[in-house]
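The numbers here are math on the coordinates, done by the rules we state, and not lab data. This structure is a prediction, so every number in the text was calculated from the model and none was measured. Virtual Cβ from ideal backbone geometry, glycine too; neighbours counted across all protein chains shown.
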Amino acid sequence: MSTSRSSPTAPRFGVARVLSKAGIASRTQAAAWIREGRVHVAGRVVRDPEHPVRTGIDEVRVDGRPIDAVDRRYFALNKPRGLVTTTRDEKNRDTVYRCFDGADLPWLAPVGRLDQASEGLLLFTNDSAWAARIADPATGPDKTYRVQVDGVPDAAAIAAMRSGLEDRGERLSAKAVTLLKSGGRTAWLEVVLDEGRNRHIRRLAQAAGFPVLRLVRVAIGPLALGELGKGAWRELTAAEVAALRS
């Protein structure tokens, strides 16, 4: 039933979208539940995924349980190279969800993404508000990467990556770039970003003349990848969740 008086100005969204944003399920899964009659809006069963929900007014339940009663969960994954960061891939490539096979977990969404060739720390949650804060360049923490490049950048090249370079009409830069070690033909850099555009580091390094050979995200704000094994995951502590939020 309705939890308060109707308001003509209350924003309306399709119920499948509401469930997805609440961290209950992906929009595809939510639509399936709705068609199965498992979802109530304002006390009535709805079977249309686009049925409008008045935000803050209409109570939404799944299997009789209010959606705001869902436990919020937070996880870290050491993403292996070769997996795509998506719930379902149209090319039938393996996705990051393969790492959770067999685990009894709620529906989780990745917080941001790492491209198929990249590795390292990737967060998952069913808390969409927390995820949005982490992913937003204005409110989210810095991200730290270890990057192997072809060639050895000199001081001028490193300074250029920090100050910014043009790539396809877009100016890209890094908050910090540090040469960690070099082996003659290749070098390892530490790169810190306070924003994340599409293939940001790969494009920046290429623009500087040093193609990326390997890219590993090792930290998000105060949360380090640490000793988490390739393809392994763990639940974050309450202190880690709070630290990332702040």
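One table, with the values for the structure above:
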item: Helix-only [θ]222 nm of the chain, DSSP H runs n ≥ 4, -39500 (n - 2.57) each, per residue, nearest 500; result: -5500 deg cm²/dmol
item: Residue of ARG61, ARG146, ARG81 that the Gaussian network model of the chain assigns the largest fluctuation, springs spanning Cα pairs under 10 Å; result: ARG61
item: Environment charge of THR85, counting only residues whose C-beta is closer than 10 Å and scoring Lys/Arg +1, Asp/Glu -1; result: 0
item: Stretchable slack from ARG199 to SER173, in nm (0.36 nm times residue separation minus alpha-carbon distance); result: 8.1 nm
item: Reachable lysines from LYS21, criterion Cα separation under 26 angstrom, eight or more residues apart if same chain; result: LYS79, LYS91, LYS143
item: Label corresponding to Rg/Rh (Cα atoms, Kirkwood Rh) when calculated from the structure given, among [x] 0.97; [y] 0.94; [z] 1.06; result: [z]
item: Distant-in-sequence amide H partners of LEU189 (H built 1.01 Å from N, under 5 Å); result: VAL147, GLN148, VAL149, LEU180
item: Highest average packing first - 38-50, 163-175, Cβ atoms within 10 Å; result: 38-50, 163-175
